[in-house]
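No value in this document is a laboratory result; all are computed from the given coordinates. Since we're looking at a predicted model, the values are computed, not measured. Every residue, glycine among them, receives a Cβ derived from its backbone with ideal geometry; neighbour counts consider all protein chains shown.
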Amino acid sequence: MAFEKYNSCQNSESISYNRNEKIDFNLNIRPRLSTSSLRLENPSSSLFSTLEFEKGKSSVQFGIGLEAEFVLNFVKNKWSILVEPTYQTSRSEQRAEDVTFVTGGSIDQVLENHSIENFVGLRHYFFKTKNLKFFANVAYVFVIGLNSNINFYRADGSVLNDLQVDSGNNFSLGVGAKLADKLSVEARYQTERELLRNQPAWKSKFQSYLIVFGYSLF
């Protein structure tokens with residue numbers, strides 16, 4: 001700079017203020033394991049309003065995402081913006097016993113949920129050391145459904161009712177740790193969301209818990 005050259009010729013000290021506006025970019029592959037629960041209500045139906053289902057049974061399901069992380073270069077690089085499209089699949093089952101007005105005496109409720117969940121949010125790093133740092137993040141989740149449904153089956157396997165899933169959006173909260181800027185693990189909770197927006201007579205509450213692993217490609 002001109003001032004620096006002038007001060008150098010005059011043997012004078014100078015202070016240079018260079019504003020660094022660089023935003024670091026990380027691309028992370030993010031496989032995950034999840035478990036979910038579902039609650040349904042239909043007060044307008046004499047059949048379904050009287051059913052009492054057992055506690056939902058949910059097997060561990062697999063998903064995978066690709067996270068773009070934009071690390072903001074201020075406050076010691078502790079804040080970043082996240083964009084993470086994820087393919088997620090889940091299945092949960094519940095059973096109502098002693099149903100006298102249905103052949104077989106029981107009804108199974110089965111959710112098959114497949115979706116693209118798009119996370120957009122913020123991450124904050126804290127307790128940073130040379131090779132280890134902890135973080136917390138919050139995100140809004142935009143959901144795109146992929147041929148998902150909720151079916152009710154009689155004891156003989158025949159379909160009593162079927163509902164097409166039309167999912168709403170929700171929020172995600174997570175805490176985790178990252179090792180050597182390469183490997184990460186995160187515990188994540190996703191708040192309740194409505195699955196049956198296209199069925200005004202039904203009310204649903206779907207929520208999930210996840211363990212998310214991460215590997216930084218660059």
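Under 5 Å from the amide H of N73 lie the amide H atoms of D24, each residue being 5 or more positions distant or on a separate chain, with H modelled from the backbone and absent for Pro and chain starts. Diffusion of segment 128-193 by Stokes-Einstein, at 10 °C in a medium of 1.306 mPa s and with Rh set to the Kirkwood radius over alpha-carbon pairs, works out to 104 µm²/s. Pairs of Cα atoms nearer than 8 Å and 6+ residues apart set the relative contact order; for the chain it is 20 percent. Across segment 110-115, computed HN-Hα scalar couplings (Karplus, 6.51 cos²θ - 1.76 cosθ + 1.60, θ = phi - 60°) run 10, 9, 10, 10, 10, 7 Hz from first to last residue, x flagging Gly and Pro. At an R0 of 22 angstrom, the distance between the Cβ atoms of N151 and T103 translates into a FRET efficiency of 0.85. Comparing R39, R193, R123 in a Gaussian network model of the chain where C-alpha atoms under 10 Å apart are linked, the largest mean-square fluctuation is found at R39. Labels on offer are (1) 35; (2) 48; (3) 45, and the one holding percent of Cα pairs over 27 Å apart computed from this structure is (2).
Taking a ≥ b ≥ c as the square roots of the Cα gyration tensor eigenvalues, segment 82-154 comes out prolate, since a/c reaches at least 1.5 and a/b is larger than b/c. Comparing mean-square fluctuations of V75, V185, V165 from a GNM of the chain with C-alpha springs under 10 Å, the top value falls on V75. Comparing F152, F206, F101 in a Gaussian network model of the chain where C-alpha atoms under 10 Å apart are linked, the largest mean-square fluctuation is found at F101.
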